[in-house]
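The next block holds one structure in the form of structure tokens; read it before the comments.
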Amino acid sequence: MGKGRHRVRGWLGLLLCASLGCGDDFACLDAEAGERLRDAVAERAPDRSPSERSDLIRAFARAECDFEVDALLLLAVAEQESSLDPKARGPAGGIGLLQVRPPTGEATARDHRIDWRGEESLLDPATNTALGAAYLVRMKERFGTWEAALAAYNLGPARLRQLIAKGLPATSPYAREILARKRKLEGR
């Protein structure tokens, strides 16, 4: 299990885990966060089957637990990038929920010991979300804030460094949009 911030405790936590089918895997989520995630996925993906929604919830929850990236932030990215379609293919070569490019996915998988089976890996919601979360954390470590990490995720780290070198802020309209989506998902 990752180094998550929260632990599910008591009967409410057990009920949440039972509804998510998570067992001990997602003990880092508190009950309120889990309920918000479940409700947000249900609202944002009403056309998905209950099984597909459960897969999404588990993928976001697992990534929060393993990589300490807020599940609602990942949901906001996935909503923007793929409209929550695990099979999405983007014009820039991104694949899956978080539109991870195969070279980035392969390198991130190697760095984090995540199973890599080629591009097929990016079509699996759990693997795609883990790879996207791990890469986003790497961008936060490089650039210092989630806003800058999101800008780097979208623009690429080299392009963001060029903008910073020109004296521009480490942000982008994309990053601001994702953070606004996250606040909306949190009910703020």
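Results, tabulated for the structure shown:
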{"item": "Whole-number accessible area per residue in Å² for the range 61-188, which is evaluated in the context of all protein chains at 1.4 Å", "result": "47"}
{"item": "Using distinct alpha-carbon pairs, which all enter the 1/r mean, Kirkwood radius of the chain in Å", "result": "16.6"}
{"item": "Inverse of mean 1/r across different Cα pairs in the range 102-188, Kirkwood, Å", "result": "13.8"}
{"item": "D47, D70, ranked by accessible area, largest first (probe 1.4 Å)", "result": "D47, D70"}
{"item": "Carbon + sulfur, % of accessible area of the chain - ligands and nucleic acids excluded, 1.4 Å", "result": "49"}
{"item": "Length released on extending from A180 to E141, taking residue separation times 0.36 nm less the Cα-Cα span", "result": "11.9 nm"}
{"item": "The chain: angle of helix 10-20 to the longest principal axis, Cα-based, in degrees nearest 10", "result": "70"}
{"item": "Rg/Rh (Cα only; Kirkwood hydrodynamic radius) as it applies to the range 61-152", "result": "0.92"}
{"item": "Stokes-Einstein diffusion coefficient of the range 101-147, Kirkwood radius over Cα pairs, 4 °C, 1.567 mPa s, in µm²/s", "result": "121"}
{"item": "19 Å cut-off, amide nitrogen to a point 7 angstrom out along A158 Cα→Cβ, residues in the range 64-98", "result": "92-94"}
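The values are calculated or read from the model by the stated rules, or taken from the named source; none is laboratory data. On a predicted model such as this, the values are computed, not experimentally measured, just so you know. Positions of Cβ are backbone-derived with ideal geometry, glycine not excepted, and every protein chain shown enters the neighbour counts. For accessibility, only protein heavy atoms count, side chains too; no ligands or nucleic acids. Shrake-Rupley method; radii C 1.70, N 1.55, O 1.52, S 1.80 Å.
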